[in-house]
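The values are calculated or read from the model by the stated rules, or taken from the named source; none is laboratory data. On a predicted model such as this, the values are computed, not experimentally measured, just so you know. Please note: Cβ atoms are built from the backbone with ideal geometry, for glycine as well, and neighbour counts cover all protein chains shown. Protein only, heavy atoms only, side chains kept; ligands, DNA and RNA dropped before computing areas. Shrake-Rupley method; radii C 1.70, N 1.55, O 1.52, S 1.80 Å.
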Amino acid sequence: MDTDFNLAPVAGSYLQQPTASALAVAVPVVTFEENNAKVLEVFGRHRELISLPVLENDRPIGLISRNIFMSQMSKPYHRELYEKKSCIAFMDKDPLIVEVDTTIETLGALAVESGDKTLADGFLIVDGGKFSGLGSGLELMRMMVALQAEKNRHVMQSIDYASVIQRAMLSASRTAMARALDDACLVWEPRDVVGGDFYHLECFPDGWFAAVADCTGHGVPGAFLTLIASSSLKQALELHGPRDPALVMSEVNRGMKRVLGQHATAEQLSESDDGMDACFFWFEMATAQLTCASAKMSLLVLLPDDEKVQTVDGERTGLGYVDTPDDMQWTNRRVQLVDGAIVMTATDGIIDQIGGPKNIAFGKQRLRNAMLAYRHLPMHEFGKKIMEEQKTYQGHQRRRDDLTFFSFRLSGSTNRK
């Protein structure tokens, strides 16, 4: 049976759902006054007929299953005993009956509730109580699958477009990075189409400000939170400027808590508890000094003559969460950079990824070792090598989280920009 239907959006609903009328098939019927000999004749002439509706004054009162009926009539002496009796002898007196305007989703729920017999023998479709047609359980399942596939397509179209918006939101930072730094790498790989990681880089006359952040969750919820966090960050930079990352971080914390209403009290708990880990830093060109504030995210520094990566840790308190105080103060840490120094920060998507022969996390030490191994490469090659190593380590394991890292190498031309 053809089950084509239109799923175009309509006012007041996400999709225009098909109804039971799309499944109504005209079939032979019998009245309750007719006997089983008539039923046997109808089933004999219509081999494709799975069930036979029984009507009274054009209204269905039952359904005769071919399988049950033929099984009973094939028993010894049953044909002689029952052939002349009313057809209601083998009729299901409580079949599923639905109106023509019943939506397919509602019909599917009713079919499951009514049990296996509806899927096997079908259901009766009425228009104002009068018989309109017989519905097939198999066709119902096919239409529900088609409907779900169409819904999924609409959802994925929305998510794909959300990805375009999210990438567009981040594009200005990539442009700023290219202007501020000669040798830099920025990897942003959401686990799903959209993600909960974001970055921000902005140029100023005397330096540049950068942020890498990992918001709660991933996919659509994480992406939605990045919009709130990114907006709070831009407002904080407009209010306080970029030169005090710890102060900017405190302002973003207050902004996120305010927008999300995350101010739990003894009398009332917050409905959500979301926030982000982040690393904010300001680079001053005149002094080549990096000022960093971090919330549960480390900054890694490799100086040209060192054989060990320095780890600059911050507070173990995230931004925006219910338990994070409104007046939380982060600390600025300063690192003096020299030409050739490599700086990196990464979200925990790379560090926490499970893999390797022991199925354990990639970890910070492997990341530090990779920095040492590929320090001689240009930053774009440096980033490719680290990603190759991470993906090899991940192997057949599922990606656990969004993955973002930012790295740059300081050069004399960077200081002069």
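I'd like the full set of residues that are open to solvent by 70 Å² or more (accessible area, probe 1.4 Å) and either closer than 22 Å to I97 by Cα or modelled with pLDDT of 95 or more (or both), limited to the range 46-69.
Listed by number, the residues that qualify are E48, I50, E56, N57, D58, R59, N67, I68.
Hey, among the residues in the range 82-106 that are part of a helix (DSSP H, G or I) and in contact with a Phe, Trp or Tyr (Cβ under 8 Å, 6 or more places away or on another chain), which one's least open to solvent (accessible area, probe 1.4 Å)?
Of everything passing the filter in the range 82-106, C87 is least open to solvent (accessible area, probe 1.4 Å).
Given the criterion at negative phi and over 33 Å from the mean Cα position of the chain (by Cα), identify the matching residue among A293, A288, A373.
None of the others qualify; the one that does is A373.
Among the listed residues M156, M141, identify the single one that is under 30 Å from S230 (Cβ atoms) and exposed (fewer than 14 other Cβ atoms within 10 Å of the Cβ).
Just one listed residue meets the conditions, M156.
How many of the residues making up the range 174-188 are part of a helix (DSSP H, G or I) and either closer than 13 Å to F408 by Cα or not polar (S, T, N, Q) (or both)?
6
Within the range 267-307, can you find the residues that are free of Cβ contacts under 8 Å to residues at least 60 places away in the same chain, in a strand (DSSP E or B) and open to solvent by less than 40 Å² (accessible area, probe 1.4 Å)?
L290, T291, C292, A293, S294, A295, L299, V301, listed by residue number.
Tell me the residue from K385, K358 that is at pLDDT below 95 and either among the basic types (K, R) or assigned to a strand (DSSP E or B) (or both), please.
K358
For the range 24-47, which residues satisfy the criterion of being of a type outside the set (S, T, N, Q), in contact with a Cys (Cβ under 8 Å, 6 or more places away or on another chain) and assigned to a strand (DSSP E or B)?
V30 - this is the single residue of the range 24-47 that is of a type outside the set (S, T, N, Q), in contact with a Cys (Cβ under 8 Å, 6 or more places away or on another chain) and assigned to a strand (DSSP E or B).
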